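Novice: One structure coming up, written as structure tokens, with questions to follow.
The values are calculated or read from the model by the stated rules, or taken from the named source; none is laboratory data. As the structure is a prediction and not an experimental result, all values here were calculated from the model. Please note: Cβ atoms are built from the backbone with ideal geometry, for glycine as well, and neighbour counts cover all protein chains shown. Note: areas computed on protein heavy atoms with side chains; ligands, DNA, RNA excluded. Shrake-Rupley method; radii C 1.70, N 1.55, O 1.52, S 1.80 Å.
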Amino acid sequence: MYPTPAQQAALLQQCRHSRSVWNLALEQWSMWTRDKPATPGFAEQCRQLTEERAAFDWLRAGSQTVQQQALRDFNQAVKNFHAGTHRRPTWRKARLHEGFRIVGAQASRIVKLNRKWAAINVPKVGWVRVRLSRAAPDAKSYRITADRTGRWHLAFAVIPPSIPAPGAGEVVGVDRGVTVSAALSTGELLSCPGLSERAKVRLKHLQRRLARCHRGSNRRRRVKEAIAKLNARAGDRRKDWVEKVSTDLARRFDVIRVEDLRIAQMTRRPRPKPHPARPGVYRSNRRRAKAGLNRGILANGWGLLVQRLEDKARGRVERIKPAYTSQTCSVCGHCAPESRESQAVFRCVACGHQAHADLNAAVNIAAGRAVSARRETPVQVSLKREPQLATST
């Protein structure tokens, strides 16, 4: 979206109304205790909102649709929390959670200007110019958001159709890593693009400047905006790479197998290690090394890649247990930690097979091989075959 300065101020005002209503509903819900009756639901909160709009001019100046949808979003967040699928709803903060939703007949007020541009009538804002990344769908709602760099985006609530399978029966395994973002069982090594070396140097320089700035100063605000622009550039490149790779895999293969990784648990900070003999003193837990690994995992878009694959190839993505897939030989099925010589080299100690470690793991994932805790793998050779020495070729 490309709003004018006056329209941008009006959009920010709508975001403030949505954020205020959300925070009021969260405060009302958080004050509940066991000795109190149940907190008001969505219908009761809408009646309370009508009374508040009649009492306060600043709330009445905003769109009632925006404020009601904030209550509906909060109601859905509470249901997801009780269902165990999402975390507890949190407070919405300025410059971090900027956005609101429009539903109903107002969501269809869009006019196409030419092949790339359109205009949409936002309540209490007016006609805002929008650059189309795809054809505008016939949607019943849309959401307007603003990121930390000040860019405005509009997303229609429409589920696009999935990509049809080619029908050739091809199966591919995808092994995700830090050095190699995605290794395919076909032998392809894919790397997620990030910031250039020059941009990384500038990012480090800006982070050092940020550490020297006073909190609340204008210089600190400008430095934070410059850092946000660099991070947004890296995020845009990562999302673009994920979209292209996921579309290519959905078009080429009928079945896509990936490791069932728990990324949220893998990227947690390590627990502190208290010293047993010295109270108040902690041992080294390699926190900085773990932080670097977490950044590498998140920068390669592990979770986003699988999420987009499941969206585009519905029912054709299979999650395989990741246990020992990188230590198992894709030829003979022998599992040994010694076979993984380094990050990129795999040499089986039983049959001598040598390959790229990520490609070997991708072949195991494509075959659907899972190893139990006892490292028992399906037998790949005849049971009557004599055991072979590790040094034999």
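Novice: Would you compute the Debye intensity of the stretch 69-162 from its alpha-carbon atoms alone, equal scatterers and no solvent, and pass along log10 I(q)/I(0) at q = 0.13, 0.24 Å⁻¹ to two decimals?
Specialist: Once normalised to I(0) and log-transformed, intensities are -0.55, -1.32.
Novice: In bins 5 Å wide, starting from 0, what share of all Cα pairs of the stretch 96-146 does each bin hold, as a percent?
Specialist: With 5 Å bins starting at 0, P(r) equals 5, 19, 29, 29, 14, 3, 1.
Novice: To continue, here is another question. Residue farthest toward the positive end of the dipole of the chain, with Cβ of Lys/Arg at +1 and Asp/Glu at -1: which of GLN68, VAL130, ALA291?
Specialist: ALA291
Novice: A further question follows. Ranked from highest to lowest mean number of other Cβ atoms within 10 Å per residue, what is the order of the peptides 243-254, 75-86?
Specialist: Numbers: 243-254: 17.8, 75-86: 12.8.
Ranked by mean Cβ neighbours within 10 Å, highest first: 243-254, 75-86.
Novice: I would also like to ask the following. Angle between the Cα long axis of helix 197-212 and the longest principal axis of the chain, 0 to 90 degrees, nearest 10?
Specialist: Approximately 60 degrees, to the nearest ten.
Novice: Something else now. Give me the angle, in degrees from 0 to 90, between the Cα long axis of helix 218-252 and the longest principal axis of the Cα atoms of the chain, rounded to the nearest 10.
Specialist: Once rounded, the angle reads 60 degrees.
Novice: Report the calculated FRET efficiency for GLU338 and ARG222 (r = Cβ-Cβ distance, R0 = 45 Å), to the nearest 0.05. Mind showing how you got there, number by number?
Specialist: Numbers: r = 53 Å, r/R0 = 1.19.
With R0 = 45 Å, the Cβ-Cβ based efficiency is 0.25.
Novice: Next question, about the same structure. If you count only protein heavy atoms with a 1.4 Å probe, what accessible area per residue comes out for the chain, rounded to a whole Å²? Before the final figure, lay out the partial values.
Specialist: On the way: 24540 Å² over 393 residues.
Averaged over the residues of the chain, the accessible area is 62 Å².
Novice: Treating the stretch 280-357 as a set of equal point scatterers at the Cα positions, no solvent, please give the Debye-formula log₁₀ I(q)/I(0) at q = 0.19 Å⁻¹.
Specialist: Evaluating at q = 0.19 Å⁻¹ gives log10 I(q)/I(0) of -0.98.
Novice: Can I ask one more? Taking the Cα centre of the stretch 185-308 as origin, work out the dipole magnitude from +1 charges on Lys and Arg Cβ and -1 charges on Asp and Glu Cβ, in debye rounded to 20.
Specialist: Numbers: 35 positive and 10 negative charges, 283 e Å.
For the stretch 185-308, the charge dipole is close to 1360 debye.
Novice: Quick one: divide the alpha-carbon radius of gyration of the stretch 121-229 by 2.2 N^0.38 Å and tell me what you get.
Specialist: 1.64
Novice: So what's the stretch 12-71 giving for Rg/Rh, alpha carbon basis, Kirkwood Rh from the mean inverse pair distance?
Specialist: Values: Rg = 12.1 Å, Rh = 12.0 Å.
Taking Rg over the Kirkwood Rh, I get 1.00.
Novice: Just name one of ALA350, VAL172, ALA83: the one whose Cα is farthest towards the positive end of the charge dipole of the chain (beta-carbon charges, Lys/Arg +1, Asp/Glu -1).
Specialist: The residue sitting most towards the positive pole is ALA83.
Novice: What net charge do the residues around ALA9 carry, taking every other residue with its C-beta under 12 Å from that of ALA9, with Lys and Arg at +1 and Asp and Glu at -1? Numbers along the way, then the final one.
Specialist: Details: positive: ARG16, LYS124; negative: none.
Surrounding charge for ALA9 is +2.
Novice: Now for a separate question. Sum up the charges of everything whose Cβ sits under 14 Å from the Cβ of THR149, counting Lys and Arg as +1 and Asp and Glu as -1, but leave THR149 out. Don't skip to the end; give the middle numbers.
Specialist: Numbers: positive: ARG95, ARG148, ARG151, ARG221, ARG222, LYS224, LYS229, ARG233; negative: GLU98, ASP147, GLU225, ASP236.
So the environment of THR149 carries a net charge of +4.
Novice: Here is a further query. What residues have an amide H closer than 5 Å to that of HIS334, excluding those fewer than 5 places away on the same chain, when H is modeled at 1.01 Å from N in the peptide plane?
Specialist: CYS329
Novice: Among 164-177, 113-126, how do they line up from the highest to the lowest mean number of other beta-carbon atoms within 10 Å?
Specialist: Values: 164-177: 17.2, 113-126: 14.9.
Most protected by this proxy first, the peptides run 164-177, 113-126.
Novice: Just the number, please: carbon plus sulfur as a percent of the accessible area of the chain, 1.4 Å probe, no ligands or DNA/RNA counted. Could the numbers behind the result be given before it?
Specialist: Numbers: 12580 of 24540 Å².
Ligands and nucleic acids excluded, carbon and sulfur give 51 percent.
Novice: How much length would be gained if the chain were fully extended between LYS124 and LEU293, taking 0.36 nm per residue of separation minus their Cα-Cα distance, in nm to one decimal? Show your work: numbers first, answer last.
Specialist: Numbers: separation 169, 0.36 × 169 = 60.84 nm, distance 4.61 nm.
So the extension gain works out to 56.2 nm.
Novice: Among rounded, prolate and oblate, which fits the stretch 210-318 when a ≥ b ≥ c are the square roots of the eigenvalues of its C-alpha gyration tensor, a/c under 1.5 means rounded, and a/b larger than b/c means prolate? Display every interim value, and only then the final one.
Specialist: On the way: a/c = 4.29, a/b = 1.41, b/c = 3.05.
Oblate is the answer for the stretch 210-318, as a/c is 1.5 or above yet b/c matches or exceeds a/b.
Novice: I would also like to ask the following. Which value in deg cm²/dmol, rounded to the nearest 500, describes the helix-derived mean residue ellipticity at 222 nm for the chain, given -39,500 (n - 2.57) per DSSP H run of n ≥ 4 and division by the residue count? Each step should come with its number before you reach the end.
Specialist: On the way: 10 runs with 154 residues, N = 393.
That calculation yields -13000 deg cm²/dmol at 222 nm.
Novice: With a point put 7 Å past each Cα toward its Cβ, work out how far ASN231 is from ARG148 in nm, to one decimal.
Specialist: Between ASN231 and ARG148, the label points sit 0.2 nm apart.
Novice: Compute the helix-to-body angle for 357-367: its Cα long axis versus the longest principal axis of the chain, expressed 0 to 90° and rounded to tens.
Specialist: The angle comes out near 80 degrees.
Novice: Moving on. P(r) of the stretch 62-123 in 5 Å steps, Cα pairs, percent per bin?
Specialist: For the stretch 62-123, the binned pair fractions read 4, 14, 17, 18, 17, 13, 10, 5, 2, 0 percent.
Novice: Beyond 26 Å, what share of the Cα-Cα pairs of the stretch 1-139 is found? Please give it as a whole percent. Before the final figure, lay out the partial values.
Specialist: On the way: 3176 of 9591 pairs.
Here the tail beyond 26 Å accounts for 33 percent of pairs.
Novice: Take the Cα atoms of the chain, find their three principal axes, and give me the spread along each one in whole Å, biggest first.
Specialist: 87, 65, 54
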